[in-house]
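Enquirer: Structure provided below as structure tokens; questions to follow.
The values are calculated or read from the model by the stated rules, or taken from the named source; none is laboratory data. Just so it is clear, the model here is predicted, and its values are computed rather than measured. Here the Cβ positions follow ideal geometry from the backbone for every residue, glycine too, while neighbour counts run over all protein chains shown. Areas reflect the complete protein model, heavy atoms only, side chains present, ligands, DNA and RNA absent. Shrake-Rupley method; radii C 1.70, N 1.55, O 1.52, S 1.80 Å.
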Amino acid sequence: DTTFNIIPIIHQNPVASFSIKKDTACVSIPLVFTSAASGINVWNWNFGNATGSTAPPFNRTYSTAGTYNISLTVTDINNCTSLPATDVLVINPSPIVNAGPDKIAYYGYPVTLDASVLPPSVYNYLWTPSAGLSATNILKPTALPAVNTTYILQAEDVNTHCKATDAV
């Protein structure tokens, strides 16, 4: 007697993996999602605030500051599904920049620009244009412009690199 057994082919499960470029994880700044996984037919993302099925690389923007638990499972051409790959993403708020009220500067009489930035943190400041300003890298410079000038203040948080602007 001869017995025949059919042995099914057992495929190895795919491995889900991804990375997020987090150098500027700020509200409304696109983040790049990438993956080195290959042979994938289905991408199942949980972004912490929505789901998706886009194959990387792609950009994604978060409109609200907070902590997001990101996960990815993938399915390959053999219909085998991976275990989830996970990451925690912290989206930082952009500073609230107020360049201050409009000022009238009379020739020869400088005025102080009364800017403010919230939340309290350590910021790099940049005022443009520089003409007529006592300094471009402080929060409240003195202005003595020769002509009507709109000054723009950019504040960048030195820790999160989130930035915002306002004009006066």
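Enquirer: For THR165, are the conditions met, namely being under 28 Å from PRO30 (Cβ atoms), assigned to a loop (DSSP other than H, G, I, E, B), among the β-branched types (Val, Ile, Thr) and touching a residue at least 12 places away in the same chain (Cβ under 8 Å)? Outline the logic, then answer.
Expert: Values: under 28 Å from PRO30 (Cβ atoms): yes; assigned to a loop (DSSP other than H, G, I, E, B): no; among the β-branched types (Val, Ile, Thr): yes; touching a residue at least 12 places away in the same chain (Cβ under 8 Å): yes.
It is false that THR165 is under 28 Å from PRO30 (Cβ atoms), assigned to a loop (DSSP other than H, G, I, E, B), among the β-branched types (Val, Ile, Thr) and touching a residue at least 12 places away in the same chain (Cβ under 8 Å).
Enquirer: Scan the range 138-159 for residues that are in contact with a strand residue (DSSP E or B) (Cβ under 7 Å, 6 or more places away or on another chain), open to solvent by 30 Å² or more (accessible area, probe 1.4 Å) and closer than 27 Å to ILE91 by Cβ and report the count.
Expert: Filtering the range 138-159 for residues in contact with a strand residue (DSSP E or B) (Cβ under 7 Å, 6 or more places away or on another chain) gives 138-143, 150-158.
Now narrow it down to the ones that are open to solvent by 30 Å² or more (accessible area, probe 1.4 Å): 138-140, 142, 150, 152, 154, 156, 158.
Those left that are additionally closer than 27 Å to ILE91 by Cβ: 139, 152, 154, 156, 158.
Counting residues in the range 138-159 that are in contact with a strand residue (DSSP E or B) (Cβ under 7 Å, 6 or more places away or on another chain), open to solvent by 30 Å² or more (accessible area, probe 1.4 Å) and closer than 27 Å to ILE91 by Cβ gives 5.
Enquirer: Mind checking which residues of the range 122-133 are surrounded by 14 or more Cβ atoms within 10 Å (Cβ to Cβ) and at negative phi? Steps first, please.
Expert: Of the residues in the range 122-133, the ones surrounded by 14 or more Cβ atoms within 10 Å (Cβ to Cβ) are 123, 125-128, 132-133.
Once the filter is applied, which keeps residues that are surrounded by 14 or more Cβ atoms within 10 Å (Cβ to Cβ) and at negative phi, the range 122-133 yields TYR123, TYR125, LEU126, TRP127, THR128, LEU133.
Enquirer: Now, a different point. Scan the range 150-161 and report the pairs whose first residue is among the hydroxyl-bearing types (Ser, Thr, Tyr) and whose second residue is surrounded by 14 or more Cβ atoms within 10 Å (Cβ to Cβ) and in a strand (DSSP E or B), with Cβ atoms within less than 6 Å and a gap of 6+ or a chain change.
Expert: What qualifies is TYR151/TRP127; THR160/ASN92.
Enquirer: I'd like to know if the range 17-35 contains one or more residues that are exposed (fewer than 14 other Cβ atoms within 10 Å of the Cβ), without any contact (Cβ under 8 Å) to a residue 40 or more places away in the chain and not in a loop (DSSP other than H, G, I, E, B).
Expert: Yes.
Enquirer: In this structure, does ALA65 turn out to be at pLDDT 95 or above, among the small types (Gly, Ala, Ser) and under 17 Å from ALA25 (Cβ atoms)? Reasoning before the result, please.
Expert: Details: at pLDDT 95 or above: yes; among the small types (Gly, Ala, Ser): yes; under 17 Å from ALA25 (Cβ atoms): yes.
When the stated conditions are applied, ALA65 passes them.
Enquirer: Answer yes if at least one residue in the range 71-81 is at pLDDT below 95, exposed (fewer than 12 other Cβ atoms within 10 Å of the Cβ), hydrophobic (A, V, I, L, M, F, W, C) and not in a loop (DSSP other than H, G, I, E, B), and no otherwise.
Expert: No - not one qualifying residue is present in the range 71-81.
Enquirer: Now a separate question. Return the only residue of PRO84, PRO95, PRO57, PRO101 being open to solvent by 30 Å² or more (accessible area, probe 1.4 Å), more than 30 Å from ALA37 (Cβ to Cβ) and not small (Gly, Ala, Ser). It would help to see each step written out before you state the result.
Expert: Working: PRO84 fails: more than 30 Å from ALA37 (Cβ to Cβ); PRO95 fails: open to solvent by 30 Å² or more (accessible area, probe 1.4 Å); PRO57 fails: more than 30 Å from ALA37 (Cβ to Cβ).
Sole residue among the options that is open to solvent by 30 Å² or more (accessible area, probe 1.4 Å), more than 30 Å from ALA37 (Cβ to Cβ) and not small (Gly, Ala, Ser): PRO101.
Enquirer: While we're here: Return the total of residues in the range 104-119 being within 30 Å of PHE47 (Cβ to Cβ) and open to solvent by 50 Å² or more (accessible area, probe 1.4 Å).
Expert: Matching residues across the range 104-119 total 2.
Enquirer: Failed condition for VAL90, given (1) open to solvent by less than 70 Å² (accessible area, probe 1.4 Å); (2) closer than 30 Å to ASN49 by Cβ; (3) touching a Lys or Arg at 6+ places or on another chain (Cβ under 9 Å); (4) not small (Gly, Ala, Ser), with all others met?
Expert: (1)
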